[in-house]
Amino acid sequence: MAPRVSRLRSPVSPIFLVLVALTAAGGALTLLPSEGAIIGGTVLLVLAGWAVSLCLHEFSHALTADRCGDHSVRALGYLTLDIRRYANVGLTLVLPLLFLILGGIPLPGGAVWIQRAALRSRPAISAVSLAGPVANLVLAALISLALALTAPPLPLAAALAFLGLIQILTFVLNLLPVPGLDGWGVIDPYLPWRTRQGAARIAPYAPLAIILLLFLLPGASAVLFAVSDALSSLVGGDSTLAAVGQDQFISLLR
């Protein structure tokens, strides 16, 4: 009797597919001739789209780690794009979404646990840290390209442009050389052991401190948005269109 062959299941989490569907549904709502539908659709598109990008960001970390020697990411489910594998409800979902709604600033919202000792080299460790922000930059470029090729109606174009700007903001924030952020992970392998140990102690709190400074320090968020706007223009983004999308997004709070 021939041995039974188990059917391979799709590695993509159904929850991720639901998030993609919600993003598309938000886009469809913005096409309706109603201010409420445009505002609701923009909020849905941006929030669900941000969750999709969080999954892709963390998946990129995990995929790079797997290619560089840490195969534990497979058993941990990091290659399934399941947002539950990357985030907990309070600290890495609710809090980042709150900052996004209040100020359009995307607090880094997920994490994958990498066995750094399994990675082949210091450049490999840096590559794993860099992979997540690069995913956001690629997403921003793809959104800009899609807008240029399809020229959708203004409400949808504005919502997508704002989502694209959020990807750039995420890229810039994550590359800050601050413990707990990917920018620190890029340089960490080359630093003295004592420096790395000290940074590890403050890593859980430093990203939140940076976000609070952006809200509380006069002019800090303006600098962040100015840098992000400049970078966005380099990948084809439209800051004016993104501003319209942000206005649609925050209209929910008015």
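Readers should treat all values here as calculations from the given coordinates under stated rules, not as data from a laboratory. This one's a predicted model, so the numbers in the text were calculated from it and none came from an experiment.
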Based solely on its DSSP helices, what 222 nm [θ] is calculated for the chain when runs of n ≥ 4 H residues each add -39,500 (n - 2.57) and the sum is averaged over all residues, nearest 500 deg cm²/dmol?
-21500 deg cm²/dmol
Taking the square root of 5 times each eigenvalue of the Cα gyration tensor, what semi-axes in Å does the equivalent ellipsoid of the stretch 98-237 have, largest first?
30, 19, 11
Rg and Dmax in Å for the stretch 198-254, alpha carbons only: what are they?
15.0, 43
Could you go through the stretch 45-59 in sequence order and give the Karplus-derived ³J(HN,Hα) for each residue, using 6.51 cos²θ - 1.76 cosθ + 1.60 with θ = phi - 60°, rounded to whole Hz, and x for Gly and Pro?
4, 5, 5, 5, x, 5, 5, 4, 5, 4, 4, 5, 4, 6, 4
As computed over the stretch 13-73, the Cα convex hull volume per residue (Å³):
61
How far, in nm, would the chain grow between Ala203 and Leu76 when pulled straight, counting 0.36 nm per residue and subtracting the alpha carbon separation?
43.5 nm
Enter the per residue convex hull volume of the chain, computed from alpha-carbon coordinates, in Å³ rounded to the nearest integer.
158
